[in-house]
1. Per residue of the chain, what 222 nm ellipticity follows from adding -39500 (n - 2.57) for every DSSP H run with n ≥ 4, rounded to the nearest 500?
2. Taking 0.36 nm per intervening residue step and subtracting the Cα-Cα distance, what contour gain separates ARG7 from ALA407 on full extension?
3. Could you pull out every residue, at least 5 positions away or on a different chain, whose amide H is within less than 5 Å of the one on THR412? Hs are placed 1.01 Å off N in the peptide plane, and Pro or chain starts have none.
4. So, taking all protein chains as they sit and a 1.4 Å probe, how much accessible area belongs to THR421, in Å² rounded to tens?
5. When ranked by the protection proxy of mean other Cβ atoms within 10 Å per residue, highest first, what sequence do the peptides 367-374, 307-314, 185-192 form?
6. Please build a GNM for the chain, connecting alpha carbons under 10 Å apart, and tell me which residue among LYS424, LYS215, LYS148 fluctuates the most.
7. Quick one: which residues, 5+ away or cross-chain, put their amide H under 5 Å from the amide H of TRP236? H built at 1.01 Å from N.
8. Could you state the number of Å between the C-alpha centres of region 264-282 and region 160-191?
Amino acid sequence: MDHIWLRLTPTMIATELAQATEEGKDLSSVRKEFDVLMNQETFDEARAAALLDKVQELPYTSTQEEDEPSDLESLKAMFKEGFLRNPDTSNLPDRVLGAWQGRVSGCFLGKVCEGWRRPTMEGYLKGSGQWPLKTFISNKAPQDVLDKFGFKPEHGCWIENISAMPEDDDTNYTVTGLEVVRIWGREFRPEHVASFWMSNIPLLHTCTAERIAYKNFSICIDPPASASFRNPYREWIGAQIRADFFGYMNPGNPYLAAEYGWRDACISHIKNGIYGEMWSAAMNASALAAASLDEVIEAGFAVIPSKSRLALSLRKVVGWRKDGKTYDEAVALIHEEWDENTEHGWCHTISNAMIVLVAVLWGDLDFGKTLCYSVQACFDTDCNGATAGSVLGGLLGASKIPAEWTAPFNDTLETGIHGYTKVKISEMAKLTLELIAKE
(Lines give C-alpha, C1' and ligand atoms only; values in the text may rest on other atoms or scores of the structure.)
Protein backbone atom coordinates (compact mmCIF):
# COMPACT_ATOMS: atom_id res chain seq x y z
CA MET A 1 0.00 0.00 0.00
CA ASP A 2 1.25 3.49 -0.85
CA HIS A 3 1.20 5.26 2.52
CA ILE A 4 1.59 8.70 0.95
CA TRP A 5 0.02 10.36 3.99
CA LEU A 6 3.07 9.31 6.04
CA ARG A 7 5.77 10.16 3.53
CA LEU A 8 8.03 13.18 3.24
CA THR A 9 7.34 15.45 0.27
CA PRO A 10 9.04 18.41 -1.45
CA THR A 11 6.37 20.69 0.06
CA MET A 12 7.36 19.52 3.53
CA ILE A 13 10.98 20.38 2.78
CA ALA A 14 9.93 23.88 1.72
CA THR A 15 7.97 24.18 4.96
CA GLU A 16 10.99 23.03 6.96
CA LEU A 17 13.11 25.72 5.32
CA ALA A 18 10.62 28.43 6.31
CA GLN A 19 10.19 26.99 9.80
CA ALA A 20 13.89 26.62 10.56
CA THR A 21 14.63 30.10 9.22
CA GLU A 22 11.98 31.70 11.46
CA GLU A 23 13.20 29.58 14.37
CA GLY A 24 16.65 31.17 14.06
CA LYS A 25 18.63 28.13 12.93
CA ASP A 26 21.98 28.67 11.20
CA LEU A 27 21.21 27.10 7.82
CA SER A 28 24.36 28.21 6.00
CA SER A 29 25.72 24.67 5.82
CA VAL A 30 22.54 23.12 4.40
CA ARG A 31 21.01 25.74 2.10
CA LYS A 32 22.30 24.01 -1.03
CA GLU A 33 20.79 20.74 0.14
CA PHE A 34 17.40 22.42 0.54
CA ASP A 35 17.64 23.79 -3.00
CA VAL A 36 18.54 20.40 -4.41
CA LEU A 37 15.69 18.57 -2.68
CA MET A 38 13.06 21.16 -3.55
CA ASN A 39 14.00 20.96 -7.23
CA GLN A 40 14.65 17.24 -7.69
CA GLU A 41 12.93 15.59 -10.61
CA THR A 42 12.61 12.40 -8.56
CA PHE A 43 12.26 13.21 -4.88
CA ASP A 44 14.73 11.37 -2.63
CA GLU A 45 12.85 10.75 0.60
CA ALA A 46 15.80 9.21 2.43
CA ARG A 47 17.93 12.22 1.61
CA ALA A 48 15.13 14.50 2.80
CA ALA A 49 14.89 12.64 6.11
CA ALA A 50 18.62 13.04 6.62
CA LEU A 51 18.28 16.79 6.02
CA LEU A 52 15.49 17.11 8.57
CA ASP A 53 17.63 15.30 11.12
CA LYS A 54 20.59 17.53 10.34
CA VAL A 55 18.57 20.72 10.83
CA GLN A 56 17.66 19.68 14.36
CA GLU A 57 21.37 19.51 15.22
CA LEU A 58 22.23 22.97 13.87
CA PRO A 59 23.02 25.88 16.22
CA TYR A 60 21.00 29.07 16.50
CA THR A 61 22.23 32.37 15.09
CA SER A 62 20.93 34.57 17.91
CA THR A 63 19.55 34.54 21.46
CA GLN A 64 16.21 33.40 20.07
CA GLU A 65 16.70 29.94 21.55
CA GLU A 66 16.93 31.46 25.04
CA ASP A 67 13.93 33.70 24.44
CA GLU A 68 11.78 30.80 23.20
CA PRO A 69 12.17 27.70 25.38
CA SER A 70 9.92 24.68 25.04
CA ASP A 71 10.34 23.05 28.47
CA LEU A 72 7.77 23.73 31.16
CA GLU A 73 10.21 24.74 33.90
CA SER A 74 11.69 27.53 31.78
CA LEU A 75 8.28 28.68 30.63
CA LYS A 76 6.85 28.86 34.14
CA ALA A 77 9.85 30.95 35.18
CA MET A 78 8.78 33.45 32.51
CA PHE A 79 5.15 33.72 33.67
CA LYS A 80 4.10 37.28 34.48
CA GLU A 81 3.15 36.93 38.14
CA GLY A 82 0.39 38.73 40.00
CA PHE A 83 -2.33 38.27 37.45
CA LEU A 84 -4.98 36.42 39.51
CA ARG A 85 -7.50 38.92 40.81
CA ASN A 86 -10.53 37.66 42.64
CA PRO A 87 -12.06 35.58 39.86
CA ASP A 88 -15.86 35.56 39.86
CA THR A 89 -17.20 32.06 39.26
CA SER A 90 -20.74 32.81 40.45
CA ASN A 91 -22.10 32.52 36.92
CA LEU A 92 -19.93 29.58 35.91
CA PRO A 93 -22.67 27.27 34.50
CA ASP A 94 -23.84 29.95 32.08
CA ARG A 95 -20.30 30.85 31.08
CA VAL A 96 -19.16 27.26 30.53
CA LEU A 97 -22.19 26.60 28.33
CA GLY A 98 -21.46 29.85 26.49
CA ALA A 99 -17.88 28.75 25.85
CA TRP A 100 -18.99 25.41 24.39
CA GLN A 101 -21.71 27.06 22.30
CA GLY A 102 -19.32 29.76 21.14
CA ARG A 103 -16.74 27.21 20.05
CA VAL A 104 -19.31 25.26 18.08
CA SER A 105 -20.85 28.34 16.45
CA GLY A 106 -17.53 29.87 15.48
CA CYS A 107 -16.18 26.59 14.17
CA PHE A 108 -19.22 26.03 11.99
CA LEU A 109 -19.20 29.58 10.64
CA GLY A 110 -15.66 29.00 9.35
CA LYS A 111 -16.11 25.39 8.29
CA VAL A 112 -17.75 25.92 4.91
CA CYS A 113 -15.11 28.46 3.88
CA GLU A 114 -12.03 26.69 5.27
CA GLY A 115 -9.36 27.04 2.60
CA TRP A 116 -10.93 30.04 0.88
CA ARG A 117 -8.41 32.75 0.11
CA ARG A 118 -9.36 36.43 0.00
CA PRO A 119 -10.48 36.54 -3.65
CA THR A 120 -12.90 33.66 -3.05
CA MET A 121 -14.14 34.94 0.31
CA GLU A 122 -14.83 38.44 -0.95
CA GLY A 123 -15.98 37.30 -4.39
CA TYR A 124 -18.52 34.77 -3.17
CA LEU A 125 -19.87 36.84 -0.30
CA LYS A 126 -20.27 39.94 -2.47
CA GLY A 127 -21.72 37.93 -5.34
CA SER A 128 -24.31 36.35 -3.05
CA GLY A 129 -25.17 39.53 -1.14
CA GLN A 130 -23.49 38.40 2.10
CA TRP A 131 -20.66 40.94 2.32
CA PRO A 132 -19.66 41.96 4.91
CA LEU A 133 -20.32 38.71 6.72
CA LYS A 134 -23.06 38.98 9.35
CA THR A 135 -24.32 35.44 9.90
CA PHE A 136 -23.76 31.82 8.81
CA ILE A 137 -22.83 31.49 5.15
CA SER A 138 -25.68 30.55 2.83
CA ASN A 139 -25.73 28.59 -0.41
CA LYS A 140 -28.39 30.94 -1.75
CA ALA A 141 -26.41 32.54 -4.55
CA PRO A 142 -26.95 33.19 -8.25
CA GLN A 143 -25.98 30.19 -10.37
CA ASP A 144 -23.24 32.12 -12.13
CA VAL A 145 -21.64 32.92 -8.77
CA LEU A 146 -21.80 29.27 -7.68
CA ASP A 147 -20.34 28.21 -11.03
CA LYS A 148 -17.54 30.78 -10.84
CA PHE A 149 -16.21 29.27 -7.62
CA GLY A 150 -17.17 25.66 -8.30
CA PHE A 151 -19.63 25.48 -5.39
CA LYS A 152 -22.63 23.16 -5.20
CA PRO A 153 -25.54 24.03 -2.85
CA GLU A 154 -26.01 20.39 -1.87
CA HIS A 155 -22.35 19.89 -0.89
CA GLY A 156 -20.59 21.49 2.05
CA CYS A 157 -21.43 22.97 5.42
CA TRP A 158 -23.80 25.67 4.25
CA ILE A 159 -26.27 26.71 6.94
CA GLU A 160 -29.12 25.17 4.90
CA ASN A 161 -27.52 21.72 5.01
CA ILE A 162 -27.21 21.01 8.74
CA SER A 163 -29.32 20.15 11.76
CA ALA A 164 -26.40 19.49 14.13
CA MET A 165 -22.77 20.54 14.40
CA PRO A 166 -20.92 18.15 12.06
CA GLU A 167 -17.63 16.56 13.04
CA ASP A 168 -14.59 18.82 12.91
CA ASP A 169 -11.07 18.41 14.28
CA ASP A 170 -11.45 21.62 16.31
CA THR A 171 -14.35 20.23 18.31
CA ASN A 172 -12.90 16.69 18.32
CA TYR A 173 -9.93 18.02 20.29
CA THR A 174 -12.18 19.85 22.76
CA VAL A 175 -13.88 16.54 23.51
CA THR A 176 -10.46 14.86 23.62
CA GLY A 177 -9.34 17.27 26.33
CA LEU A 178 -12.45 16.50 28.34
CA GLU A 179 -11.96 12.76 28.04
CA VAL A 180 -8.26 12.91 28.92
CA VAL A 181 -9.09 14.78 32.13
CA ARG A 182 -12.03 12.48 32.87
CA ILE A 183 -9.83 9.38 32.58
CA TRP A 184 -6.55 10.54 34.15
CA GLY A 185 -7.68 13.48 36.24
CA ARG A 186 -5.89 16.75 36.81
CA GLU A 187 -2.51 15.04 36.98
CA PHE A 188 -2.65 13.81 33.38
CA ARG A 189 0.70 13.77 31.59
CA PRO A 190 1.81 14.22 27.97
CA GLU A 191 2.08 10.46 27.48
CA HIS A 192 -1.56 10.11 28.53
CA VAL A 193 -2.59 12.45 25.73
CA ALA A 194 -0.51 10.48 23.24
CA SER A 195 -2.02 7.23 24.45
CA PHE A 196 -5.54 8.61 24.09
CA TRP A 197 -4.88 9.69 20.53
CA MET A 198 -3.56 6.28 19.57
CA SER A 199 -6.51 4.49 21.14
CA ASN A 200 -9.37 6.78 20.14
CA ILE A 201 -8.52 9.03 17.18
CA PRO A 202 -8.09 7.45 13.72
CA LEU A 203 -4.80 8.42 12.10
CA LEU A 204 -6.48 10.07 9.11
CA HIS A 205 -8.56 12.27 11.42
CA THR A 206 -5.31 14.05 12.27
CA CYS A 207 -3.41 16.58 10.17
CA THR A 208 0.07 18.04 9.80
CA ALA A 209 1.91 18.19 13.15
CA GLU A 210 -0.58 15.87 14.83
CA ARG A 211 -0.25 13.23 12.13
CA ILE A 212 3.54 13.30 12.29
CA ALA A 213 3.48 13.09 16.09
CA TYR A 214 1.05 10.17 15.80
CA LYS A 215 3.46 8.45 13.42
CA ASN A 216 6.29 9.08 15.86
CA PHE A 217 4.34 7.56 18.75
CA SER A 218 3.83 4.43 16.65
CA ILE A 219 7.57 3.97 16.20
CA CYS A 220 8.24 4.50 19.92
CA ILE A 221 9.37 8.12 19.80
CA ASP A 222 7.87 9.50 22.99
CA PRO A 223 7.00 13.08 23.94
CA PRO A 224 8.57 15.58 23.78
CA ALA A 225 10.87 14.16 21.06
CA SER A 226 7.72 13.26 19.10
CA ALA A 227 7.16 16.99 18.51
CA SER A 228 10.41 17.71 16.70
CA PHE A 229 11.42 14.49 14.96
CA ARG A 230 10.98 15.13 11.22
CA ASN A 231 8.12 17.52 11.93
CA PRO A 232 8.20 20.64 9.74
CA TYR A 233 4.79 21.66 11.16
CA ARG A 234 6.02 22.04 14.74
CA GLU A 235 4.86 25.66 15.05
CA TRP A 236 1.63 25.36 13.10
CA ILE A 237 -1.83 25.96 14.57
CA GLY A 238 -2.62 22.37 15.60
CA ALA A 239 -1.87 22.77 19.31
CA GLN A 240 -3.64 26.11 19.55
CA ILE A 241 -6.94 24.53 18.51
CA ARG A 242 -6.62 21.92 21.27
CA ALA A 243 -6.46 24.45 24.11
CA ASP A 244 -10.00 25.35 25.03
CA PHE A 245 -10.98 22.56 27.37
CA PHE A 246 -7.85 23.06 29.45
CA GLY A 247 -9.05 26.62 29.96
CA TYR A 248 -12.55 25.47 30.87
CA MET A 249 -11.08 23.23 33.58
CA ASN A 250 -9.37 26.15 35.31
CA PRO A 251 -11.79 29.09 35.51
CA GLY A 252 -9.93 32.16 36.73
CA ASN A 253 -6.54 30.43 36.80
CA PRO A 254 -4.70 31.11 33.53
CA TYR A 255 -1.42 29.78 34.93
CA LEU A 256 -2.74 26.29 35.57
CA ALA A 257 -4.66 26.36 32.29
CA ALA A 258 -1.42 27.19 30.48
CA GLU A 259 0.36 24.31 32.21
CA TYR A 260 -2.39 21.93 31.10
CA GLY A 261 -2.01 23.35 27.61
CA TRP A 262 1.73 22.68 27.70
CA ARG A 263 1.16 19.04 28.68
CA ASP A 264 -1.01 18.65 25.59
CA ALA A 265 0.99 20.77 23.15
CA CYS A 266 4.45 19.37 23.83
CA ILE A 267 3.65 16.02 22.24
CA SER A 268 3.39 17.60 18.77
CA HIS A 269 4.77 21.16 18.88
CA ILE A 270 7.66 23.28 20.10
CA LYS A 271 8.20 26.95 20.91
CA ASN A 272 5.47 29.17 19.45
CA GLY A 273 3.38 26.13 18.59
CA ILE A 274 3.28 25.40 22.32
CA TYR A 275 2.77 29.05 23.25
CA GLY A 276 -0.32 29.24 21.05
CA GLU A 277 -2.02 26.57 23.12
CA MET A 278 -0.90 28.10 26.41
CA TRP A 279 -2.14 31.54 25.27
CA SER A 280 -5.54 30.26 24.21
CA ALA A 281 -5.96 28.08 27.31
CA ALA A 282 -5.17 31.06 29.56
CA MET A 283 -7.65 33.33 27.80
CA ASN A 284 -10.35 30.67 27.97
CA ALA A 285 -9.70 30.19 31.68
CA SER A 286 -9.86 33.90 32.36
CA ALA A 287 -12.97 34.38 30.22
CA LEU A 288 -14.99 32.14 32.55
CA ALA A 289 -14.31 34.34 35.58
CA ALA A 290 -13.10 37.75 34.35
CA ALA A 291 -14.82 41.10 34.73
CA SER A 292 -13.59 42.50 31.41
CA LEU A 293 -12.15 41.68 28.02
CA ASP A 294 -8.94 43.52 28.93
CA GLU A 295 -8.40 41.06 31.77
CA VAL A 296 -8.86 38.12 29.38
CA ILE A 297 -6.31 39.50 26.95
CA GLU A 298 -3.85 40.25 29.73
CA ALA A 299 -4.18 36.66 30.93
CA GLY A 300 -3.03 35.41 27.55
CA PHE A 301 0.08 37.57 27.61
CA ALA A 302 0.86 36.55 31.20
CA VAL A 303 1.73 32.96 30.28
CA ILE A 304 3.85 33.27 27.11
CA PRO A 305 7.48 34.45 26.83
CA SER A 306 7.47 38.22 26.34
CA LYS A 307 10.24 38.11 23.71
CA SER A 308 8.73 35.25 21.71
CA ARG A 309 7.62 35.82 18.15
CA LEU A 310 4.04 35.13 19.20
CA ALA A 311 4.04 37.70 22.00
CA LEU A 312 5.71 40.36 19.85
CA SER A 313 3.22 39.79 17.03
CA LEU A 314 0.22 39.94 19.35
CA ARG A 315 1.56 43.11 20.95
CA LYS A 316 1.60 44.64 17.48
CA VAL A 317 -2.10 43.87 17.14
CA VAL A 318 -2.85 45.57 20.46
CA GLY A 319 -0.85 48.56 19.25
CA TRP A 320 -2.88 48.78 16.05
CA ARG A 321 -6.05 48.95 18.10
CA LYS A 322 -4.64 51.72 20.29
CA ASP A 323 -3.50 53.60 17.18
CA GLY A 324 -7.06 53.64 15.83
CA LYS A 325 -6.58 51.35 12.86
CA THR A 326 -9.76 49.89 11.41
CA TYR A 327 -10.53 46.19 11.29
CA ASP A 328 -9.84 46.13 7.54
CA GLU A 329 -6.51 47.88 8.04
CA ALA A 330 -5.48 45.43 10.73
CA VAL A 331 -6.38 42.43 8.58
CA ALA A 332 -4.47 43.90 5.64
CA LEU A 333 -1.37 44.27 7.80
CA ILE A 334 -1.54 40.59 8.78
CA HIS A 335 -1.85 39.60 5.13
CA GLU A 336 1.19 41.72 4.32
CA GLU A 337 3.22 39.86 6.92
CA TRP A 338 1.87 36.34 6.33
CA ASP A 339 1.21 34.89 2.89
CA GLU A 340 -2.09 33.01 2.87
CA ASN A 341 -1.08 31.38 -0.42
CA THR A 342 1.62 29.32 1.27
CA GLU A 343 0.66 26.46 3.57
CA HIS A 344 3.14 27.69 6.16
CA GLY A 345 1.71 31.20 6.27
CA TRP A 346 -1.90 30.05 6.13
CA CYS A 347 -1.61 27.45 8.89
CA HIS A 348 0.97 28.95 11.27
CA THR A 349 0.17 29.58 14.93
CA ILE A 350 1.16 33.24 14.81
CA SER A 351 -0.78 34.36 11.73
CA ASN A 352 -3.95 32.79 13.07
CA ALA A 353 -3.49 33.99 16.64
CA MET A 354 -3.21 37.51 15.26
CA ILE A 355 -6.53 37.04 13.44
CA VAL A 356 -8.19 35.78 16.63
CA LEU A 357 -6.94 38.76 18.62
CA VAL A 358 -8.08 41.20 15.92
CA ALA A 359 -11.55 39.64 15.99
CA VAL A 360 -11.78 39.80 19.78
CA LEU A 361 -10.47 43.38 20.00
CA TRP A 362 -12.41 44.88 17.11
CA GLY A 363 -15.55 42.82 17.83
CA ASP A 364 -16.54 45.18 20.66
CA LEU A 365 -18.04 42.38 22.80
CA ASP A 366 -20.61 41.70 20.07
CA PHE A 367 -20.75 37.91 19.70
CA GLY A 368 -21.81 37.76 16.05
CA LYS A 369 -19.47 40.55 14.98
CA THR A 370 -16.53 38.86 16.68
CA LEU A 371 -17.21 35.53 14.97
CA CYS A 372 -17.63 37.15 11.57
CA TYR A 373 -14.43 39.17 12.00
CA SER A 374 -12.52 36.00 12.85
CA VAL A 375 -13.71 34.23 9.70
CA GLN A 376 -13.94 36.99 7.09
CA ALA A 377 -10.20 37.65 7.53
CA CYS A 378 -9.45 34.24 5.95
CA PHE A 379 -6.48 32.07 7.00
CA ASP A 380 -7.65 29.04 9.03
CA THR A 381 -11.28 30.11 9.31
CA ASP A 382 -12.87 27.29 11.31
CA CYS A 383 -10.02 27.23 13.83
CA ASN A 384 -10.11 30.97 14.36
CA GLY A 385 -13.88 31.12 14.56
CA ALA A 386 -13.84 28.36 17.17
CA THR A 387 -11.20 30.04 19.34
CA ALA A 388 -12.73 33.52 19.16
CA GLY A 389 -16.20 32.10 19.78
CA SER A 390 -15.05 30.10 22.76
CA VAL A 391 -13.34 33.07 24.43
CA LEU A 392 -16.19 35.50 23.87
CA GLY A 393 -18.87 32.92 24.61
CA GLY A 394 -17.19 32.19 27.93
CA LEU A 395 -16.93 35.87 28.80
CA LEU A 396 -20.53 36.71 27.87
CA GLY A 397 -22.23 33.48 28.93
CA ALA A 398 -24.83 31.47 27.01
CA SER A 399 -27.66 33.74 28.12
CA LYS A 400 -26.12 36.60 26.13
CA ILE A 401 -25.48 34.68 22.90
CA PRO A 402 -28.20 35.44 20.33
CA ALA A 403 -30.29 32.37 19.49
CA GLU A 404 -29.53 32.72 15.77
CA TRP A 405 -25.98 31.54 16.55
CA THR A 406 -26.99 28.42 18.47
CA ALA A 407 -30.43 27.26 17.29
CA PRO A 408 -29.30 25.64 13.99
CA PHE A 409 -27.38 22.93 15.88
CA ASN A 410 -30.31 21.71 17.97
CA ASP A 411 -27.96 21.39 20.95
CA THR A 412 -26.19 18.53 19.13
CA LEU A 413 -22.49 17.95 18.42
CA GLU A 414 -21.15 15.14 16.25
CA THR A 415 -17.55 14.00 16.80
CA GLY A 416 -15.09 11.35 15.72
CA ILE A 417 -14.19 10.51 19.32
CA HIS A 418 -15.16 7.05 20.56
CA GLY A 419 -18.10 7.30 22.96
CA TYR A 420 -19.05 10.80 21.79
CA THR A 421 -20.35 10.16 18.29
CA LYS A 422 -23.40 12.37 18.86
CA VAL A 423 -23.77 14.33 22.09
CA LYS A 424 -25.72 17.24 23.50
CA ILE A 425 -23.69 20.43 23.76
CA SER A 426 -25.45 21.20 27.03
CA GLU A 427 -24.43 17.79 28.36
CA MET A 428 -20.80 18.49 27.50
CA ALA A 429 -21.03 21.72 29.48
CA LYS A 430 -22.62 19.84 32.39
CA LEU A 431 -19.87 17.21 32.34
CA THR A 432 -17.28 19.99 32.26
CA LEU A 433 -18.76 21.50 35.41
CA GLU A 434 -18.68 18.11 37.13
CA LEU A 435 -14.99 17.71 36.26
CA ILE A 436 -14.19 21.22 37.49
CA ALA A 437 -15.82 20.43 40.83
CA LYS A 438 -14.07 17.08 41.18
CA GLU A 439 -10.79 17.21 43.10
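1. Values: 23 runs with 251 residues, N = 439.
That comes out to -17500 deg cm²/dmol.
2. 139.8 nm
3. Those lying under 5 Å, H to H, from THR412 are MET165, ILE425.
4. Here the accessible area works out near 100 Å².
5. Ranked by mean Cβ neighbours within 10 Å, highest first: 367-374, 307-314, 185-192.
6. Comparing LYS424, LYS215, LYS148 in a Gaussian network model of the chain, the most mobile one is LYS148.
7. Amide H neighbours of TRP236: THR349.
8. Cα centroid of region 160-191 versus Cα centroid of region 264-282: 16 Å apart.
The values are calculated or read from the model by the stated rules, or taken from the named source; none is laboratory data. All figures in this text were calculated on a predicted structure; none of them were measured in a lab. Every residue, glycine among them, receives a Cβ derived from its backbone with ideal geometry; neighbour counts consider all protein chains shown. Just the protein is used for accessible areas: all its heavy atoms, side chains included, with ligands, DNA and RNA removed. Shrake-Rupley method; radii C 1.70, N 1.55, O 1.52, S 1.80 Å.
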